[in-house]
Amino acid sequence: MDMRRLVGRNIARLRKAKGLTQERFAEQSGATQQYVSDLERGLRNPTVVMLFHLASGLGVTPVELVTPDAEAKSEAAKARRAKAMKRKVKKTQIGGQQRR
């Protein structure tokens, strides 16, 4: 799970739910509009201190910014299935080679 993307999605979701523009949210949290834009696109990695300021600007706890959303949970499930499939294929290939 890419934490930058997760934090960005959570910020965008919460900001929009509160009816805030990126510019207004940036003013409230002590950031720039460009920084908020970069965060929401997963291009920035905020510090713990900045997470606190961002959460304060949204009226939420910092934990809410790093809590996996439905998309993150779906991505994690997909990754687990792919990993299990890879193991199954590898096991089948090894088993086939041993029979020769």
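No lab work stands behind these numbers, since they all come straight from the coordinates. A quick note: this is a predicted structure, and the numbers were derived from the prediction, not measured. Neighbour counts are summed over all protein chains in view; Cβ atoms, including those assigned to glycine, are modelled from backbone coordinates with ideal geometry.
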Inset, instruction - Can you tell me how much longer the chain between Phe52 and Lys78 gets when fully stretched, taken as 0.36 nm per residue apart minus their C-alpha distance, in nm with one decimal? - result: 6.3 nm
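Quick one: dipole size for the stretch 45-100, taken about the Cα centre, charges +1 on Lys/Arg Cβ and -1 on Asp/Glu Cβ, in debye to the nearest 20.
Roughly 1100 debye, rounded to the nearest 20.
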Legend entry - Gaussian network model of the chain, springs between alpha carbon atoms under 10 Å - residue of Val89, Val48, Val63 with greatest fluctuation: Val89
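How much mean residue ellipticity at 222 nm does the chain get from its helices, if each DSSP H run of length 4 or more adds -39500 (n - 2.57) and you divide by all residues, to the nearest 500 deg cm²/dmol?
Details: 6 runs with 76 residues, N = 100.
Value at 222 nm, helices only: -24000 deg cm²/dmol.
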Inset, instruction - Excluding Asp38 itself, calculate the net charge of residues whose Cβ lies under 10 Å from the Cβ of Asp38, where each Lys or Arg counts +1 and each Asp or Glu counts -1. - result: +2
Legend entry - Charge sum, other residues only, whose C-beta stays under 12 Å from Ala76's C-beta, Lys/Arg counted +1 and Asp/Glu -1: +1
Inset, instruction - Quick one: dipole size for the chain, taken about the Cα centre, charges +1 on Lys/Arg Cβ and -1 on Asp/Glu Cβ, in debye to the nearest 20. - result: 1300 debye
Legend entry - Value of Rg to Rh for the stretch 36-77 (Rh from inverse mean 1/r over Cα pairs, i.e. Kirkwood): 1.00
Inset, instruction - Convert 4 °C to kelvin, take the viscosity as 1.567 mPa s, use the Kirkwood radius over C-alpha pairs of the chain as Rh, and evaluate the Stokes-Einstein diffusion coefficient in µm²/s, rounded to a whole number. - result: 84 µm²/s
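Net charge near Met1: determine it from the other residues with C-beta under 14 Å of the C-beta of Met1, scoring Lys and Arg +1 and Asp and Glu -1.
Working: positive: Arg4, Arg5, Arg9, Lys73, Lys78, Arg80, Lys83; negative: Asp2, Asp69, Glu71, Glu75.
Counting the neighbours of Met1, the net charge comes to +3.
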Inset, instruction - State the extension gain, in nm to one decimal, for the chain segment bounded by Lys88 and Met1, taking 0.36 nm per residue of separation less the distance between their alpha-carbons. - result: 29.1 nm
Inset, instruction - Treating the angle as unsigned and between 0 and 90°, give the value, to the nearest 10°, between the Cα long axis of helix 3-17 and the longest Cα principal axis of the chain. - result: 40 degrees
Inset, instruction - State the Cα centre-to-centre distance between the stretch 50-75 and the stretch 10-39 in whole Å. - result: 12 Å
Legend entry - Max mean-square fluctuation residue, GNM over the chain, Cα-Cα springs under 10 Å, options Gly57, Gly42, Gly30: Gly30
